[in-house]
Amino acid sequence: MPNAPKRMPAPMRDLAFVAFLFAFIGIGFRKPFLFILCFCYIDIVAPQRLSYFLINSIPVSLIVFGLAIAGWLVADDKKDTRWSGRQTLLVMLLIYCWVTTIYADFPVEAADKWSWVWKALIWAIFLPLTLRTKLRIEALALMLLLSAAAIAIAGGIKTAAGGGGYGTLQLLLSENYGLYEGSTMSCVAISIIPLILWYRRHGTIFPPDWMVSAFCFALVFACALLPVGTQARTGLICLVVLALLSLRAVKHRFLYIAGAGLLAVAAIPFLPQSYTDRMETIRGYKSDQSASTRVAVWAWTWDYAKDNPMGGGFNAFLQNRVRVEKEASRPDEVASVYEEESRAYHSSYFEMLGEQGYPGTAMWLLLHFAGLMQMERIRRRYLKTRRGEEQWIAPLATALQHGHIVYLVGSLFVAIAFQPFIYMMLALEIGLTTYCRRREKEAGWRPLTSRSMVAA
């Protein structure tokens, strides 16, 4: 491309990554909690995959993973550490996935997926144990946002500059790894928007000023652009769901609806024709090859689960063979019938059903719906608190709940049941829950609301 920006030479970029990681890890030996933040950054951004030679051959992720757990075991204060029921569910899911991996239909392929799933689950179990204070909860939220921002901003800039297209928008990596897959990143980007807006008002590590507000709004804009750049239909659906959820939190709903409507109408002329054409396929899946194939795979998975109620282990979809009927979408087209083999689930729900069967799916669903209920309990309990030091709790619970719902909706169309970023969000929810329970157990403590003041 003649106008493409010049990239940093590979050796210099490697040196920059190495210097940053070594500085991060070095500070961690003085403050072990920074090991935890460092691993979150590495697991999300995958800087070792951006490197060409210096750190690409080193198991950086596993090393920092071990340092984080060892640092907590050796140096961290554990006197007020609490365990939650959802951590027990995660342990049960971990063990169940291990068993299905042993007896998987495709042992080699299942072991490959298990090699990173176990780490994501253990991290989600471990992480809440470290979130003892408000500062740590905020620090983790900030690290998740900044790590995702590194990917979202790159994608937003490329989209604004006219790049993108379905399967063509290159983020920081050219491979579909982690958050670097278009539909996955679109779903995650929309799900973190409530958390970004929470930090703009309640963050203290970087106190809310005009620079923080400007960065947060720019990041929200970049996240909202990603569904356009990736042309992922999942992102558009997630954006609509978030807009509806936001009605609960805004004070002037009519103005919000009117403003959102005007913004949507104003944006339509600036959208590329390829994007609008792809979004129109949402209305009729039978005329779209990708959508009709997904429906056929889901039907196959449903039948497979009936015969294999305990699941087939990771990557069980490799054995599917489906017959797809595609209707004509234009007058000059004709209906067609074709067969597909080894097609991915393209849905977290069917991913769980096919791989982990009914028990694994039940545990996974209970894990998520329990989280939604916990966030709702905290939101209602702290919504009217008058204590200044508690003003951040209800908005954070609301932000996490809304992001969680967006993820669950997006998961209908993307196979991200074990996406590590989502499990870090779950860990943040659990950490907030255990933090509030510790406070509620303190002698004589109650949320200070207007009602309690009158009673006193």
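Values quoted throughout were computed directly from the atomic coordinates according to the rules given, and no laboratory measurement underlies them. Bear in mind that the values here come from a model prediction, so they are computed numbers and not experimental data. Counting neighbours? That spans all protein chains shown, and the Cβs are built from the backbone with ideal geometry, glycine included.
Summary table
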item	result
For peptides 207-213, 309-315, 86-92, sequence by mean Cβ density within 10 Å, most packed first	309-315, 86-92, 207-213
Estimated FRET transfer efficiency (E376, L318; beta-carbon r; R0 45 Å; 0.05)	0.70
Hz values of 3J(HN,Hα) by residue in the range 125-140 - Karplus curve (6.51, -1.76, 1.60), Gly and Pro given as x	6, 6, 4, x, 5, 8, 8, 8, 10, 5, 4, 5, 4, 5, 4, 5
The range 417-430 - phi-based ³J(HN,Hα) in whole Hz, Karplus 6.51/-1.76/1.60, Gly and Pro as x	4, 10, 4, x, 4, 5, 6, 5, 5, 4, 4, 5, 4, 5
Estimated distance in nm for a label pair at Y103 and T204, the labels positioned 7 Å out from Cα along Cα-to-Cβ	5.0 nm
Loop chymotrypsin sites (Phe, Trp or Tyr not before Pro), the range 100-139, which have at most 15 other Cβ atoms in a 10 Å radius of their Cβ (DSSP)	Y103
Nearest-0.05 FRET efficiency for K441 and D112, computed from C-beta distance (R0 60 Å)	0.85
Neighbour-count order for D112, D80, fewest beta carbons within 10 angstrom listed first	D80, D112
Pairs beyond 19 Å (Cα-Cα), from K134/K441; K119/K306; K31/K78; K31/K441; K78/K134; K31/K134	K119/K306; K31/K441
Calculated FRET efficiency for the pair V295/A70, C-beta based, R₀ 51 Å, to 0.05	0.60
Residues whose placed amide H lies under 5 Å from that of T204, excluding near-sequence neighbours	none
DSSP-loop trypsin sites (Lys or Arg not before Pro) across the range 338-426, with at most 13 other Cβ within 10 angstrom	K384, R386, R387
Stokes-Einstein D in µm²/s, Kirkwood radius over Cα pairs - the range 306-428 at 10 °C with 1.306 mPa s viscosity	92 µm²/s
Spin-label pair D77/L62, simplified geometry with 7 Å Cα→Cβ offset, distance in nm	3.5 nm
Euclidean distance between Cα centres, the range 181-203 to the range 93-136, Å	24 Å
Extension reserve of the F369-A214 stretch, reckoned as 0.36 nm per residue once the Cα distance is removed	52.4 nm
In the range 330-401, GluC sites (Glu not before Pro) in a DSSP loop with at most 12 other beta-carbon atoms within 10 Å	E333
